[in-house]
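Here's the structure, in structure tokens; my notes come after.
The values are calculated or read from the model by the stated rules, or taken from the named source; none is laboratory data. What you are looking at is a predicted structure, and each value in this text was computed from that prediction instead of being measured. Cβ atoms come from the backbone with ideal geometry, glycine included; neighbour counts cover every protein chain shown.
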Amino acid sequence: MAVIYPDELTLLDADASATTNGVELYVQNFSFVGVQLTAASSWDGTVTFEGSVDGSTWGSLQGETISDGTLITTATGTSLDDRYRFDLSGIKLFRTRVSGQSTGNITAKVRRERQ
């Protein structure tokens, strides 16, 4: 998958499928990333937020909902329409991954920032 460099873009625009990896966003030298998820009312999957230091090994990242500070590594179901913030310390690439989805559509928009 191609690595993307702009500061703001759509990482994921997924219709129903079992598993979909979003676009990989280059985040080295950035402090944090903000993600906004928007799902169809029928959407039933899980979004996992992932980071990589080498582009081949991926792991879950812990972030927080901007609205109330709840710590998360995934967002599930139709109640996930929210904004999230992730610290990027030591991370080179960021992506969102969809799993368990059988119906609906979801979009993940992201903005990376330096502090």
Within region 49-84, can you find the residues that are surrounded by 14 or more Cβ atoms within 10 Å (Cβ to Cβ), more than 14 Å from residue 21 (Cβ to Cβ) and either free of Cβ contacts under 8 Å to residues at least 12 places away in the same chain or hydrophobic (A, V, I, L, M, F, W, C) (or both)? 61, 66, 72, 75, 80
When region 89-102 is checked residue by residue, the ones that are modelled with pLDDT of 90 or more and outside any strand (DSSP E or B) are 89, 90, 91, 92
Taking region 36-48 on its own, how many of its residues are in contact (Cβ under 8 Å) with a residue 60 or more places away in the chain, closer than 25 Å to residue 88 by Cα, over 9 Å from the mean Cα position of the chain (by Cα) and surrounded by fewer than 20 Cβ atoms within 10 Å (Cβ to Cβ)? 1
Can you give me the ranges of the strands (runs of 3 or more DSSP E) entirely in region 2-88 with at least 1 residues that are among the hydroxyl-bearing types (Ser, Thr, Tyr), at pLDDT 90 or above and more than 21 Å from residue 115 (Cα to Cα)? 46-52, 74-76
